[in-house]
Amino acid sequence: MTKFQSFLGTSTVAILSALAVSASADEWRGWAIHPEDYPNTVAMQSFADAVATATEGRVEPTVYANGILGSQPDAIEQLRSGALDWANFNMGPMGEIVPATNVLSLPFVFANVDHMHRAMDGDVGATLSAALSEAGIVALSWFDSGSRSFYNSKHPITSPADMDGMKFRVMNNDLYVQMVDVLGGNATPMAYGEVYQSLQTGVIDGAENNYPSYESSNHYEVAKYYSITNHLIIPECLCVATSTWNELSEADQEIIRQAAIDAAKVQRELWAARELESRAKVEAAGVAVNEVADPVAFQSAMEPIYAAFIASNPDLEPLIAQIKSYQ
Ligand code: GTR
């Protein structure tokens, strides 16, 4: 400590140096639900590194992985209130906050993942970005989340009748409760972090997810039947809080937008590889994977959900038609 510093006192020096740091670098707190080695988290880290370099340290994004900053519904609120600066969100639980994003949670709305990519990289993505920005969320790019299928601890599901009376965890969105209901099961909305223990203790019989999440969360250890229904294909965003975004210069916004687009490319490549790895890993661990006997039976069961959704959201019918036009 210099004489000048001892004159000021240690705590004053600490405060002054903290101010100096915040004047030169803006730390962006980032929320990630997955572990560090998951494609989304790796892509977020590549975004963080690219942004720190390209802005010469004016913006320094950090990634808090494993959902340690809370569940996704909590994190959405934190982002909107400015407690978080950026995040990778699945669009499923977003429907409760930004109703237009519910079109992505309609079961079987996308025929396959390529269809989802085309729509999200086109006008559908642009329309949803506009809706998100009205809610204080800037969606910079779209990540892949594959397609979701049901898994459980009881028996293979080959037709909706096999779901009769079984209890499934779903993400936080009423559409998923309806989805399980029309298939004959019971749905329980629950935070992702609580699913493993609930499967293990028999509070629920099953859940639904893509292979990478089924594997990385270890749900496969306690729910050994994975039945390929592919009922949901829900994209995810790399999102920044509007309040954080508005503090940037236009030049930095441009740099950061490009870094997010690059990160989505990284994520989609890693995703494709991880899907195969995860499937191989769970099968090697003894999981029984099965195709369903009649995929059309699952799809046609959803008709009342579409009818009710359109009846209560007539303004969203054109957006559903626009999604279909990308098929
Ligand atoms: C994963 C997704 C997460 C989270 C999770 C869940 O596939 O990447 O953001 O939504 O599913 O089921 O809660």
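A few points about this structure:
- Taking the Kirkwood radius as Rh and the Cα radius of gyration as Rg, region 68-206 has a ratio of Rg/Rh equal to 0.99.
- Here's the list of lysines a cross-link from Lys224 could span, going by alpha-carbon distance under 28 Å and ignoring same-chain residues fewer than 8 apart: Lys154, Lys167, Lys281.
- Under conditions of 4 °C and 1.567 mPa s, the chain yields 62 µm² s⁻¹ as its translational diffusion coefficient, taking Rh as the Kirkwood radius over Cα pairs in the Stokes-Einstein equation.
- Calculated FRET value between Ala135 and Ala272, using beta carbons and R₀ = 30 Å, to 0.05: 0.45
- Net charge over other residues, Cβ less than 11 angstrom from the Cβ of Thr55 (K, R count +1; D, E count -1): -4
- The chain: relative contact order as a whole-number percent, Cα under 8 Å and 6+ apart: 24
- On Cα atoms only, tilt of 303-312 relative to the major axis of the chain in degrees: 50
- Label-to-label distance, nm, for residues given as Ala126 and Glu291 (7 Å Cα→Cβ offset): 3.9
- The Cα center of region 139-154 and the Cα center of region 201-217 differ in position by 11 Å.
- The simple spin-label model puts a point 7 Å past each Cα toward its Cβ; for Gln200 and Ala25 those points are separated by 3.7 nm.
- Using alpha-carbon coordinates, inclination of helix 250-284 to the longest axis of the chain, degrees: 40
- Amide N proximity, region 288-308 versus Thr158 label position 7 Å along Cα-to-Cβ, cut-off under 13 Å: 290-295
- Cα gyration tensor shape for region 201-327, rounded if a/c is under 1.5, else prolate or oblate: oblate
- For region 152-213, the alpha-carbon coordinates run over 28, 25, 23 Å along the three principal axes, in decreasing order.
- Taking Cβ atoms as reference points and 9 Å as the exclusive limit, the residues near Thr158 contribute a net charge of -3, counting Lys and Arg as +1 and Asp and Glu as -1.
- Annotation: amide H of Ser141 within the under-5 Å range of Leu238, sequence separation 5 or more or interchain, hydrogens built in the peptide plane.
- Using equal-weight Cα scatterers in the Debye expression, the normalised intensity of region 65-140 in log10 at q = 0.15, 0.17, 0.23, 0.24 Å⁻¹ is -0.54, -0.69, -1.12, -1.18.
- Cα gyration tensor shape of region 137-282, rounded if a/c is under 1.5, else prolate or oblate by comparing a/b with b/c: prolate
- Neighbours of Gln322 by Cβ distance under 15 Å: Lys/Arg scored +1, Asp/Glu scored -1, total -2.
- Alpha-carbon Debye profile of region 209-254, log10 I(q)/I(0) at 0.20, 0.28, 0.32 Å⁻¹: -0.73, -1.08, -1.18
Coordinate-derived values only; no laboratory data. Just so you know, these numbers come straight off a predicted model, no measurement behind them. Cβ atoms come from the backbone with ideal geometry, glycine included; neighbour counts cover every protein chain shown.
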